[in-house]
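Enquirer: Here it is, the structure in full.
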Amino acid sequence: IRAIGSHGQTIRHQPTGPHPFSIQLGDPSRITELTGITTVADFRRRDMAAGGEGAPLAPAFHRAFFGSASEDRCILNLGGIANISWLPAGDASPVMGFDTGPANALMDAWCHSHTGRPYDENGELAREGSVDVGLLEDMLSDAYFLREPPKSTGKEKFNLEWITTVLKRHPDVSAQDVQRTLLALTAESIARQLPESHSLTIYACGGGTQNPLLMQELAKACVPHRVCTTRELGLDPQWVEPAAFAWLARQTLDGLPGNTPSVTGAAGPRILGAIYQP
Ligand SMILES: Nc1ncnc2c1ncn2[C@@H]1O[C@H](COP(=O)(O)OP(=O)(O)O)[C@@H](O)[C@H]1O
Ligand SMILES: [Mg+2]
């Protein structure tokens, strides 16, 4: 093992405003100390210092690893937040990518507040309800979904408070229907922000791929495009994010840029992160 690329756990990410910042848990000094292995961490802040959103960072890796000469592809990461990387066939145009909004964050928050469970396993609670179309359209009218990229977001915005604020206008929707509607919101907000393409394939990754109801709803919402997972490209959907940060760590050690200015809005390519030597 030449190095560990440690993204850490994002607890706050505020890319806009007078004092942009992004904070991750996971002390790289201690990782180096405990493992005796060079650790690369703090990947977001250099991009932000250069005026970028500091997120998403995976698109450069997605392009390098998943780009195709013949097929338009979207890599769709379904973590707490959903982000897409748009990889048009060939490599002429710059990579596009942005956060579409919530993937699991809102479903997790609602499920936790109603059942105490951290997430709605296999969409079981959502299956007990049905989509409330009025509530769904109200949620989809949030300005974030309509904003042009570059854009990134986090749980500072899409959280339980966001849900309860919208629900004040829809007081009679049952907990199960809210859960089901939040799942539809994830699928629909992604589908509405997909790039124009005649033949696009969407390769999903991240924890949300473990939720069969979400994958089913996503496939329906994205018609005529095909939705599958990165397994078809040879990488387990749960490995994509770890692999991205291993790749970014290598970029740093090789003195190569890791950000994608066309995605983050940074002033230019930058070598990301800090190196902690054993
Ligand atoms: N079996 C499952 N059923 C439903 N949701 C799941 C399942 N497994 C994982 N998830 C979802 O995936 C999320 C974790 O995804 P992950 O990609 O690790 O997120 P992040 O990188 O943002 O922390 C969980 O919070 C949960 O919502
Ligand atoms: Mg993730």
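Nothing in this text is a laboratory measurement; each read-out follows from the coordinates by a stated rule. Only a predicted model underlies this, so the values are computations on that prediction, with no experimental measurement involved. Neighbour counts run over all protein chains shown; Cβ positions are idealised from the backbone, glycine included.
Enquirer: Of the residues G154, G80, G123, only one is touching a residue at least 24 places away in the same chain (Cβ under 8 Å) and within 21 Å of G265 (Cβ to Cβ); which?
Expert: Values: G80 fails: within 21 Å of G265 (Cβ to Cβ); G123 fails: within 21 Å of G265 (Cβ to Cβ).
Unique residue meeting the criteria: G154.
Enquirer: Among the residues in the range 152-166, are any over 28 Å from C205 (Cβ atoms) and either of a type in the set (S, T, Y) or touching a strand residue (DSSP E or B) at 6+ places or on another chain (Cβ under 7 Å) (or both)?
Expert: Yes.
Enquirer: Going by what's in this entry, would R231 be described as within 16 Å of ligand 1 (Cβ to nearest atom), over 17 Å from F98 (Cα atoms), basic (K, R) and out of contact with any His (no Cβ under 9 Å at 6 or more places or on another chain)? Don't jump to the end; show me each part of the working.
Expert: Working: within 16 Å of ligand 1 (Cβ to nearest atom): yes; over 17 Å from F98 (Cα atoms): yes; basic (K, R): yes; out of contact with any His (no Cβ under 9 Å at 6 or more places or on another chain): yes.
Yes.
Enquirer: Output the residue which, of all residues in the range 2-21 that are small (G, A, S) and assigned to a loop (DSSP other than H, G, I, E, B), is surrounded by the fewest Cβ atoms within 10 Å (Cβ to Cβ). Walk me through how you get there before you give the answer.
Expert: As a first pass, look at the range 2-21 and keep what is small (G, A, S): 3, 5-6, 8, 17.
From the residues that got through so far, the ones that are assigned to a loop (DSSP other than H, G, I, E, B) too are 3, 8, 17.
Working: A3: 19, G8: 18, G17: 7.
If we take residues in the range 2-21 being small (G, A, S) and assigned to a loop (DSSP other than H, G, I, E, B), then G17 is surrounded by the fewest Cβ atoms within 10 Å (Cβ to Cβ).
Enquirer: If I ask for residues that are under 25 Å from G234 (Cβ atoms) and assigned to a loop (DSSP other than H, G, I, E, B), which ones from the range 65-93 would you list?
Expert: Answer for the range 65-93, where residues must be under 25 Å from G234 (Cβ atoms) and assigned to a loop (DSSP other than H, G, I, E, B): G67, S68, A69, S70, E71, G79, P88, A89, G90, D91, A92, S93.
Enquirer: When the residues of the range 219-241 are filtered to those that are within 15 Å of the chain's Cα centre (by Cα) and free of Cβ contacts under 8 Å to residues at least 40 places away in the same chain, which remaining residue is nearest to L185 (Cα to Cα)? Walk me through how you get there before you give the answer.
Expert: Taking the range 219-241 first, the residues within 15 Å of the chain's Cα centre (by Cα) are 229-230, 237-241.
Next, from what is left, pick out any that are free of Cβ contacts under 8 Å to residues at least 40 places away in the same chain: 229, 237-239.
Working: T229: 20, P237: 21, Q238: 22, W239: 25 Å.
The extreme case among them is T229.
Enquirer: Can you pull out every residue in the range 103-123 that is buried (at least 22 other Cβ atoms within 10 Å of the Cβ) and either more than 13 Å from ligand 2 (Cβ to nearest atom) or of a type in the set (V, I, T) (or both)? Show your work before the answer.
Expert: So in the range 103-123, the residues buried (at least 22 other Cβ atoms within 10 Å of the Cβ) come out as 103-107, 109-111, 120, 123.
Hits for the range 103-123 are L106, M107, A109, W110, C111, D120, G123.
Enquirer: Tell me which residues, restricted to the range 156-214, are β-branched (V, I, T) and more than 16 Å from ligand 2 (Cβ to nearest atom). Steps first, answer last, please.
Expert: Let us first name the residues in the range 156-214 that are β-branched (V, I, T), namely 163-166, 173, 178, 181, 186, 190, 201-202, 209.
I163, T164, T165, V166, V173, V178, T181, T201, I202, listed by residue number.
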